[in-house]
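A.B. asks: Shown below is the structure under consideration.
The values are calculated or read from the model by the stated rules, or taken from the named source; none is laboratory data. All of these numbers come straight from a predicted model, not from anything done at the bench. Counting neighbours? That spans all protein chains shown, and the Cβs are built from the backbone with ideal geometry, glycine included.
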Amino acid sequence: MKNNIFGALQKMGKSFMLPIAVLPIAGLLLGVGSTLTNPERSTFVQESSFLFKLLSVLTDGGNVIFGILPLLFTVAVAIGLAKQSKEVAALSALIAYFVMNMSITSTIKNFMDLNQLQQTPGLIRDFLGFENTMNTSVLGGVIMGLVVAFLHNRYYKIKLPEMLAFFGGTHFVPIISSLVAIVVGILLAFIWPLFATGIAALGVGIAHMGAFGTFLYGFILRALIPTGLHHVFYLPFWQTALGGTAEVNGQFLEGAQNILFAQLMSGDVINPSVAQYYSGNYPIMMFGFPAAALAMYHTAFKKNKAKVKGLLFSSSVASFLTGITEPLEFSFLFASPLLFFGVHCVLSGLSFALVYLLDAGVGYTFSGGALDFIIYGIIPGNDRTQWISILIVGVVYAFIYYFVFRYMILKFNIKTPGRDDSVDEVKLHTKSDYLEKKTQETSAISTHLTDAQKISIDIIEGLGGLDNIQEIDSCATRLRVTLTTSDTVNEEQLKQTGAAGVFIKGNNIQVIYGPKVSNIKTELEEYIQTIK
């Protein structure tokens, strides 16, 4: 039961990455455009100039993406959780989301007191052409996406009587989704006001916890990285009243990310209470991880330093520029859980708390690297974001990470990269050779396997063979696979394919490859098709 729940949450977290992936470009357009068109921040772009008008268009282009996030999450969740025919699930989710909102709007109009509902700030708004509908935010979109995914997986193969056969199968999914969406809309119209009030109160409670609450957020966020469920954890803070509520330029907003970008556009000082769910990542990503990598390099065995230098350097650059840390994190997570949970997670929580206490307010749309730091910290100005204080904390953290990691690695002989005496060249070739032969026999022409195909062979074998693989998917950095059984998984063989680590929970496995995972997944799926 626990493994099934974990698998479902893992898939849902992965599905969140689809709309989240578009946020960096939206944030770039919105952040740069709004800053340069703000007369209080920019003096060289005149309001009557072509550049000003072009920047205004770019700003609006970025803003609309944030405006339709609930719709994007509806579609993304349905796609991510659908087992097959994902395009049908996407269309069904799109239809169902509009039907749900129309149902909410009509229920308010016919059965509820609009004036009373409007007494709750931010509850009623105009959205996607619906007047006086209920603001269910991203959470409402996720709920509808989950409902559609359930209906899709249950009915996409349904067989109806011959006279109604046309409406069977995948054609039935948007039909049943639309009908159920009406019911969901009616229920939400009555339930959501109570739920929204409770969430807002919880958000206020977390805000009143001050630095301690920020520490807990940072600690939990980092501790969830191994499970891949961190997306599920942070999203409510980003997009619901759990992350705070505020009025900006006469508009009532909820969710830290929505408030933060509204403040960026308005020219206001970024509220540290809003940015507390972001700013603490920068000292870790830009300073802590590169320093930890340096400590790993200095403590590597002399004979192995040349081998690990490239790995650690490239991982450090990725962490500094983009905030992608998982390849580096998993290099010491599996070697020493104490170093990860007892040191790294604690330092992460403290970073969030320290930056919050220094009133820093730098947000991000991706993961807190230098690129985000420039756009959302430096460009808006230190008087609005206090980005200099983050750099100060970062420099201190670089020293802390280096010396703590160096001490822990040497003291406890932690097998970080370059400190393992195992022979790197050992590989299992027998079954790979068999699959290579099978591929050549089934191919129209006999060709040598490419490097990508050889890696795919090793991945398949590391996962226990083709018959053991039920479902393959990926997020931003991990290959996520559902297996028949995890007993036959060969972690060492998977690591030889370039994986930074392997995480197994029941029959669900995550193989961490970093940003290149998308290409690995594509090559793997293409290779599997050739041998089936």
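A.B. asks: Does ILE182 satisfy being at pLDDT 95 or above, part of a helix (DSSP H, G or I), more than 28 Å from the chain's Cα centre (by Cα) and within 11 Å of SER103 (Cα to Cα)?
C.D. replies: Details: at pLDDT 95 or above: yes; part of a helix (DSSP H, G or I): yes; more than 28 Å from the chain's Cα centre (by Cα): yes; within 11 Å of SER103 (Cα to Cα): yes.
Yes: the conditions hold for ILE182.
A.B. asks: Could you check the range 148-170 and list, in sequence order, the residues that are farther than 19 Å from ALA90 by Cβ, surrounded by fewer than 15 Cβ atoms within 10 Å (Cβ to Cβ) and not aromatic (Phe, Trp, Tyr)?
C.D. replies: Listed by number, the residues that qualify are LYS159, LEU160, PRO161, GLU162, MET163, LEU164, ALA165.
A.B. asks: Out of the residues in the range 473-484 meeting the condition of being under 18 Å from the mean Cα position of the chain (by Cα) and of a type outside the set (S, T, N, Q), tell me which one is modelled with the lowest pLDDT. Please lay out each step first, then the result.
C.D. replies: Let us first name the residues in the range 473-484 that are under 18 Å from the mean Cα position of the chain (by Cα), namely 473-481.
Still in the list and also of a type outside the set (S, T, N, Q): 473, 475-476, 478-481.
Numbers: ASP473: 87, CYS475: 78, ALA476: 72, ARG478: 86, LEU479: 89, ARG480: 91, VAL481: 92.
Among those that are under 18 Å from the mean Cα position of the chain (by Cα) and of a type outside the set (S, T, N, Q), it is ALA476.
A.B. asks: Within the range 496-532, can you find the residues that are in contact with a strand residue (DSSP E or B) (Cβ under 7 Å, 6 or more places away or on another chain) and part of a helix (DSSP H, G or I)?
C.D. replies: Taking the range 496-532 and keeping what is in contact with a strand residue (DSSP E or B) (Cβ under 7 Å, 6 or more places away or on another chain), we get 499-503, 507-513, 517-518, 520-521, 524-525.
If the condition is that a residue be in contact with a strand residue (DSSP E or B) (Cβ under 7 Å, 6 or more places away or on another chain) and part of a helix (DSSP H, G or I), then VAL517, SER518, ILE520, LYS521, LEU524, GLU525 are the ones that fit.
A.B. asks: Tell me, which residue of the range 475-507 that is surrounded by fewer than 22 Cβ atoms within 10 Å (Cβ to Cβ) and in contact with a Ser or Thr (Cβ under 6 Å, 6 or more places away or on another chain) is farthest from PRO226 (Cα to Cα)?
C.D. replies: For the range 475-507, the residue satisfying everything is ASN507.
A.B. asks: Across the range 319-339, what is the number of residues that are touching a residue at least 12 places away in the same chain (Cβ under 8 Å), over 25 Å from GLY381 (Cα atoms) and part of a helix (DSSP H, G or I)?
C.D. replies: The qualifying residues number 10.
A.B. asks: Same structure, new question: Quickly run through the range 106-124 and pick out the residues that are in a helix (DSSP H, G or I), in contact with a strand residue (DSSP E or B) (Cβ under 9 Å, 6 or more places away or on another chain) and without any contact (Cβ under 8 Å) to a residue 60 or more places away in the chain.
C.D. replies: LYS109, LEU114
A.B. asks: While we're looking at this one, here's another question. Does at least one position in the range 357-364 carry a residue that is surrounded by fewer than 19 Cβ atoms within 10 Å (Cβ to Cβ), part of a helix (DSSP H, G or I) and touching a residue at least 24 places away in the same chain (Cβ under 8 Å)?
C.D. replies: Taking the range 357-364 as the starting set, the residues that turn out to be surrounded by fewer than 19 Cβ atoms within 10 Å (Cβ to Cβ) are 357-359.
Keeping just the survivors that are part of a helix (DSSP H, G or I) gives 357.
So of that shortlist, the ones also touching a residue at least 24 places away in the same chain (Cβ under 8 Å) come out as 357.
Yes - at least one qualifying residue is present in the range 357-364.
A.B. asks: Restricting attention to the range 409-423, which residues are assigned to a helix (DSSP H, G or I) and either under 28 Å from the mean Cα position of the chain (by Cα) or surrounded by 17 or more Cβ atoms within 10 Å (Cβ to Cβ) (or both)? Outline the logic, then answer.
C.D. replies: Applying the first criterion (assigned to a helix (DSSP H, G or I)) to the range 409-423 yields 409-412.
Residue satisfying the conditions is ILE409 alone.
A.B. asks: Here's another thing I want to ask about it. Report yes if some residue within the range 401-408 is crowded, with 18+ Cβ neighbours inside 10 Å, closer than 26 Å to MET17 by Cα and not aliphatic (A, V, I, L, M); otherwise report no. Break it down stepwise before answering.
C.D. replies: Residues of the range 401-408 that are crowded, with 18+ Cβ neighbours inside 10 Å, as a first pass: 401-402, 404-405, 408.
Going one step further and asking which of them are closer than 26 Å to MET17 by Cα, we end up with none.
No, the range 401-408 has no match at all.
Results for (1) closer than 23 Å to LEU371 by Cβ; (2) in contact with a Lys or Arg (Cβ under 9 Å, 6 or more places away or on another chain); (3) not polar (S, T, N, Q), shown as yes or no for each residue.
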residue	(1), (2), (3)
LEU216	no, no, yes
ILE220	no, no, yes
ALA223	no, no, yes
HIS230	yes, yes, yes
ALA241	no, no, yes
LEU253	no, no, yes
PHE261	yes, no, yes
SER279	yes, no, no
PRO283	yes, no, yes
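A.B. asks: Go through the residues of the range 237-252 one by one and say whether even a single one is within 14 Å of SER137 (Cβ to Cβ), crowded, with 24+ Cβ neighbours inside 10 Å and among the β-branched types (Val, Ile, Thr).
C.D. replies: Yes, there is a match, as at least one residue in the range 237-252 is within 14 Å of SER137 (Cβ to Cβ), crowded, with 24+ Cβ neighbours inside 10 Å and among the β-branched types (Val, Ile, Thr).
A.B. asks: Kindly check whether there is at least one residue in the range 293-303 that is buried (at least 24 other Cβ atoms within 10 Å of the Cβ), touching a residue at least 40 places away in the same chain (Cβ under 8 Å) and in a helix (DSSP H, G or I).
C.D. replies: Filtering the range 293-303 down to residues buried (at least 24 other Cβ atoms within 10 Å of the Cβ) leaves 293, 296.
This time we only want the ones that are touching a residue at least 40 places away in the same chain (Cβ under 8 Å), so: 296.
Pick out the ones that are also in a helix (DSSP H, G or I) and you get 296.
Looking through the range 293-303, at least one residue is buried (at least 24 other Cβ atoms within 10 Å of the Cβ), touching a residue at least 40 places away in the same chain (Cβ under 8 Å) and in a helix (DSSP H, G or I).
A.B. asks: Related question: Return the only residue of GLY7, GLY13, GLY27 being out of contact with any helix residue (DSSP H, G or I) (no Cβ under 6 Å at 6 or more places or on another chain), at pLDDT 70 or above and assigned to a helix (DSSP H, G or I).
C.D. replies: Checking each option against the conditions leaves just GLY27.
A.B. asks: Which is of a type in the set (Phe, Trp, Tyr) and either surrounded by 18 or more Cβ atoms within 10 Å (Cβ to Cβ) or within 23 Å of PHE503 (Cα to Cα) (or both), of PHE330, PHE313? If you could, list the steps in order and put the result at the bottom.
C.D. replies: Working: PHE313 fails: either surrounded by 18 or more Cβ atoms within 10 Å (Cβ to Cβ) or within 23 Å of PHE503 (Cα to Cα) (or both).
The unique qualifying residue is PHE330.
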